[in-house]
Amino acid sequence: MRFLRRSLVGVFLVALTVGLLSYAGYMVSSAIQARLNDRPAERPARERVFAANVVTLTPETIAPVLTAFGEVQSRRTLELRAEAGGRVVELHPAFQEGGRVAAGELILRVDPATAQWALDVARTDLSEAEADLRDARRTLELAGEELAATEEQTRLRKLALARQEDLRARGVGTDAAVEDAALAAAAANQAVVARRQAQAQAEAALATARTGLDRARIRLAEAERALADTELYATFSGTLSDVSLVEGGLVSTNERVADLIDAGALEVAFRVSTEQYTRLIDANGALRPATVSVVLDVFGADLTATGRLTRESGSVAEGQVGRMLYADLDAAPGFRPGDFVTVRVEEPPLESVARLPATAVSSASEVLVLAADDRLELHRVELLRRQGDEVIVRASGLYGREVVTERSPLLGAGIRVRPLRPGAGDAAAAPAQPDMVELTPERRAALITFIESNPMMPQEAKARVRAQLEQSQVPARVVERIESRMGG
């Protein structure tokens, strides 16, 4: 009985322990679940509104500007070559790199001694040929006179023969007298033939003399031309380049001594793509005489010139694409052949188009348009041109509506924005003036020295930049561009 009682008490204690442990586990599990499910009170969600710059799409007529890069060259460039060989005895005072000569001025003279000797000999030969011609003419005249006298004598001999024959017929004359008269007449006829032969020889001699005179004149003209070839004159006013000769040097025939460039007849050659070329031709395929603006970057003091398209290349060079176009420049002071310039060509105007920042249009030609409740809508436009940081589009159904000017990943269709319109607040402020800096004397002197020592910079541009550097305050942009070229 005692064993049974203790067994029952042990079973009871075990059951009680298991129950208490189960209850404790339940309490712990409930506490953990309550902890996990314990969240703070959530606030009601609010829609996020982004600020966005907008601009109104306004239709207008815009003349696009095509930008390309080209090279300035002269329409008249002449290679100066020596037409005669020998020693150079005289040169133009400005015969040097960059020297200017006027039309008709003597550029160089080669030693003319040999050519002058040949000319003197040719003149002597001409005088001799003229004397031979005069002698042949006199001989021909004398032969003609002798022939006339011989013919007159023959006529008289024939009359004498007829008279002797008449006397013999009347029984007065003799046969011997008739024979003597006949022999005399025959001799006279033979003399006429001899005189005619002499006249023919005189005529042949005259023709030979005339031929000799013509040959002498040709030799004289050749000698005069050879003497003239010892002198080289400028055919037009221009500037000398690639000079490779000094006074006293030897030059060979047809040797290139310099180039003569007409700096007043400049043009610019530039290449455009085939698509750009199609915008510059009319309905008949002819090139329009569009206005061209040429800019030469010279340390902030840019040189600018204007001109017009004149012609295009006749063929496409091997390995090249597009078209090579040429434009004649008007007054272009400071420009030199070989300058690398920026060319801007005004295209035919486009009607009913709008201008937008390039950041407003996506790669798929889509823009974000502001709806009535300041929410954005996605619309497609026709992209016509890209010009630097701007684009020209055609969007017939969107004119008068506002478009986001700067797209970002946060903006899209259905997003509500706070529009920032131009002209409100600080946006209406005037653009800031370019920063000006004050230069120390050492820094100013270094910049001016660099400008003066630049051989590629035209004198007009040097004077313009030097005037800017001598001011008390200089535009920072000019200083930065010069120092970047200096390596500072």
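The values are calculated or read from the model by the stated rules, or taken from the named source; none is laboratory data. None of the values given here were measured: they were computed from a predicted structure. When we count neighbours, we look across all protein chains shown, and the Cβ atoms used for this are built from the backbone with ideal geometry, even at glycine.
Remarks
- Residues being under 18 Å from ARG485 (Cα atoms) and surrounded by fewer than 16 Cβ atoms within 10 Å (Cβ to Cβ) - total across segment 433-445: 2
- The residues in segment 108-143 that are more than 30 Å from ALA226 (Cβ to Cβ) and either among the polar types (S, T, N, Q) or touching a Lys or Arg at 6+ places or on another chain (Cβ under 9 Å) (or both) can be counted, and the count is 2.
- Members of segment 345-364 that are in contact with a strand residue (DSSP E or B) (Cβ under 6 Å, 6 or more places away or on another chain) and loosely packed, with under 15 Cβ neighbours inside 10 Å: PRO349, GLU351, ALA358
- The residues on offer are LEU167, LEU213, LEU161, LEU227, and the sole one that is surrounded by 13 or more Cβ atoms within 10 Å (Cβ to Cβ), out of contact with any strand residue (DSSP E or B) (no Cβ under 6 Å at 6 or more places or on another chain) and without any contact (Cβ under 8 Å) to a residue 12 or more places away in the chain is LEU167.
- From the options GLU105, GLU97, GLU71, residue that is acidic (Asp, Glu) and in contact with a strand residue (DSSP E or B) (Cβ under 6 Å, 6 or more places away or on another chain): GLU71
- Taken together, LEU220, LEU227, LEU232 contain a single residue that is outside any helix (DSSP H, G or I), modelled with pLDDT of 90 or more and out of contact with any Asp or Glu (no Cβ under 6 Å at 6 or more places or on another chain), which is LEU232.
- Selection status of ALA129, surrounded by 13 or more Cβ atoms within 10 Å (Cβ to Cβ), at pLDDT 90 or above and touching a helix residue (DSSP H, G or I) at 6+ places or on another chain (Cβ under 9 Å): yes
- Pair list, Cβ < 6 Å and 6+ apart or interchain, from segment 330-353 residues that are in contact (Cβ under 8 Å) with a residue 24 or more places away in the chain and farther than 19 Å from ARG288 by Cβ to residues that are among the hydroxyl-bearing types (Ser, Thr, Tyr) and surrounded by 18 or more Cβ atoms within 10 Å (Cβ to Cβ): PRO337/SER74
- For ALA185, the conditions (1) crowded, with 16+ Cβ neighbours inside 10 Å; (2) small (Gly, Ala, Ser); (3) at pLDDT 85 or above are fulfilled apart from (3).
- Within segment 73-88, tally of residues that are of a type in the set (A, V, I, L, M, F, W, C) and either touching a Lys or Arg at 6+ places or on another chain (Cβ under 8 Å) or over 28 Å from ARG219 (Cβ atoms) (or both): 3
- Residue in segment 89-101 that is more than 30 Å from GLU222 (Cα to Cα), assigned to a helix (DSSP H, G or I) and of a type in the set (Asp, Glu) present: no
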